[in-house]
1. Here's a check for you: in the stretch 313-336, which residue that is hydrophobic (A, V, I, L, M, F, W, C), open to solvent by 30 Å² or more (accessible area, probe 1.4 Å) and within 30 Å of ALA115 (Cα to Cα) is modelled with the lowest pLDDT?
2. Among the residues in the stretch 28-48, are any under 18 Å from ASP108 (Cα atoms), touching a residue at least 24 places away in the same chain (Cβ under 8 Å) and surrounded by fewer than 19 Cβ atoms within 10 Å (Cβ to Cβ)?
3. Looking only at the stretch 113-168, how many residues end up being part of a helix (DSSP H, G or I), within 30 Å of LEU244 (Cα to Cα) and of a type outside the set (Lys, Arg)?
4. Identify all residues within the stretch 64-102 that are in contact with a Pro (Cβ under 9 Å, 6 or more places away or on another chain) and open to solvent by less than 70 Å² (accessible area, probe 1.4 Å); write none if there are none.
5. Go through the stretch 257-268 and give me each residue that's open to solvent by 70 Å² or more (accessible area, probe 1.4 Å) and not charged (D, E, K, R).
6. Can you name every residue in the stretch 291-336 that is within 26 Å of LEU222 (Cβ to Cβ) and of a type in the set (Lys, Arg)?
7. Of all residues being closer than 16 Å to SER92 by Cβ and surrounded by 24 or more Cβ atoms within 10 Å (Cβ to Cβ) in the stretch 2-18, which is farthest from the chain's Cα centre (by Cα)? Just the residue, please.
Amino acid sequence: MIAVGVDTHKHEHLARAIDGLGQVLGALTITTSLRGYGELVGWLRTLGEGVVVGIEGAGSYGAGLCEYLLAEGFDVVEVERPRREDRRRGKSDEIDALLAAKKVLAADGLSTPRAGGTRQALAALLIAQRSCISERTRLVNQLQSLHTTAPVALRERIGPGNGRKLAARLVKMRARTDAHQSERLIFTVLRDLARRAQELAAQADAYKHELTELISSLDATLLDEYGVGPISAAKLLVCDPKRLKGEAAFARCNGTAPKPASSGQTIRHRLSRGGDRQANNALHTIARIRGRHNEQTRAYLDRRISEGKTPREAMRALKRHISRSLYRRLITIPLT
């Protein structure tokens, strides 16, 4: 086996290769371009067979290189970033690349890189949709704040209501020519904020529709699962469960695996604060919907509470159960 460690950066990547005994075979610095990737592939093929490439940051700066090497048929793994005890020898690109190669050789802290293609498209749509919602919320908050401090005559003309009602009302209104200049300017700002908020809401709905179409093309029945909407389904698919060893690893990944919190004669578990928080949020949303509207889920929660668990502990058990059942569905969905 020949282990190659790659320390990734925005403009350059540094690769170092070692053999099975840990002897350094060579090093290469490339640019983050197709030409640089091709140069690295040519160098890797001169090393012989059995080359395994470990990339630090395969989901960020090394994403392009990871995709290129996988397309060329190389074995690629993701290497976790150096821990504090690994920094005792100092910090440099050469040291980090060599450390990554040694971790590949020792099979220490390795993971399978997340898939590209459809998964990347889902991730991009989620980011765009979430950005629209966050920006719309910020604009609506500004709209409500300005409405509260607006002149009394303007405030009474617009009327009361929450941000959504104010925005819907403002986009249909016109400025009064006989109003004071300051009042006209404040009204113009309020109407502009309302229009931008509605445009962002429409854009978020368009992204949600795109997510629905893409997920339906992958699995026509996934959205038929109780409580599973396009946003939650996309968050779980972006986690890429197929790369994990099993449903227990998926539970660790999404933060639903129970963590011991026992003391003395009290035996209990608590929620995990680690893992992919977006996937955890998706499972929490599904659990809340089922807990409120599904009779079987409601009966399950009542039974766990009657056994002595707190409502929070019962919800944790429910999320773990949902994670287990959805894992079997998610690993059958092909992500191109």
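1. Let us first name the residues in the stretch 313-336 that are hydrophobic (A, V, I, L, M, F, W, C), namely 314-315, 317-318, 322, 326, 330-331, 333, 335.
Next, from what is left, pick out any that are open to solvent by 30 Å² or more (accessible area, probe 1.4 Å): 315, 331, 335.
Add one more test, that the residue is within 30 Å of ALA115 (Cα to Cα), and what stays is 331, 335.
Details: ILE331: 92, LEU335: 81.
Among those that are hydrophobic (A, V, I, L, M, F, W, C), open to solvent by 30 Å² or more (accessible area, probe 1.4 Å) and within 30 Å of ALA115 (Cα to Cα), it is LEU335.
2. To start, the set of residues in the stretch 28-48 that are under 18 Å from ASP108 (Cα atoms) comprises none.
Taking every residue of the stretch 28-48 in turn, none turns out to be under 18 Å from ASP108 (Cα atoms), touching a residue at least 24 places away in the same chain (Cβ under 8 Å) and surrounded by fewer than 19 Cβ atoms within 10 Å (Cβ to Cβ).
3. The first filter runs over the stretch 113-168 and keeps only residues part of a helix (DSSP H, G or I), leaving 118-149, 152-158, 163-168.
Then keep just the ones that are within 30 Å of LEU244 (Cα to Cα); that gives 118-131.
Add one more test, that the residue is of a type outside the set (Lys, Arg), and what stays is 118, 120-129, 131.
Result for the stretch 113-168: 12.
4. To start, the set of residues in the stretch 64-102 that are in contact with a Pro (Cβ under 9 Å, 6 or more places away or on another chain) comprises 66-67, 70, 76-78, 91, 95-96, 99-100.
CYS66, VAL76, VAL77, GLU78, ILE95, ASP96, LEU99, ALA100, listed by residue number.
5. Passing the criteria: PRO260, SER263, GLY264, GLN265, THR266, ILE267.
6. Passing the criteria: ARG292, ARG298, ARG316, LYS319, ARG320, ARG324, ARG328, ARG329.
7. Our first condition is that a residue be closer than 16 Å to SER92 by Cβ; within the stretch 2-18, this holds for 5-9, 12-16.
Add one more test, that the residue is surrounded by 24 or more Cβ atoms within 10 Å (Cβ to Cβ), and what stays is 5-8, 13, 15-16.
Working: GLY5: 26, VAL6: 24, ASP7: 23, THR8: 21, HIS13: 25, ALA15: 28, ARG16: 30 Å.
Step by step, filter the stretch 2-18, then rank; the result is ARG16.
Residue-wise test of (1) within 27 Å of ALA233 (Cα to Cα); (2) at pLDDT 95 or above; (3) of a type in the set (S, T, N, Q).
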{"position": "PRO113", "(1), (2), (3)": "yes, no, no"}
{"position": "THR118", "(1), (2), (3)": "yes, no, yes"}
{"position": "PRO151", "(1), (2), (3)": "no, no, no"}
{"position": "ASN162", "(1), (2), (3)": "no, no, yes"}
{"position": "VAL171", "(1), (2), (3)": "no, no, no"}
{"position": "HIS180", "(1), (2), (3)": "no, no, no"}
{"position": "GLU183", "(1), (2), (3)": "no, no, no"}
{"position": "THR188", "(1), (2), (3)": "no, no, yes"}
{"position": "ARG196", "(1), (2), (3)": "no, yes, no"}
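The values are calculated or read from the model by the stated rules, or taken from the named source; none is laboratory data. Remember, predicted model here, so these are calculated numbers, not experimental data. Cβ: placed from backbone, ideal geometry, glycine included. Neighbour counts: every protein chain shown. What goes into the accessible areas is simple: the full protein's heavy atoms, side chains included, and nothing from ligands, DNA or RNA. Shrake-Rupley method; radii C 1.70, N 1.55, O 1.52, S 1.80 Å.
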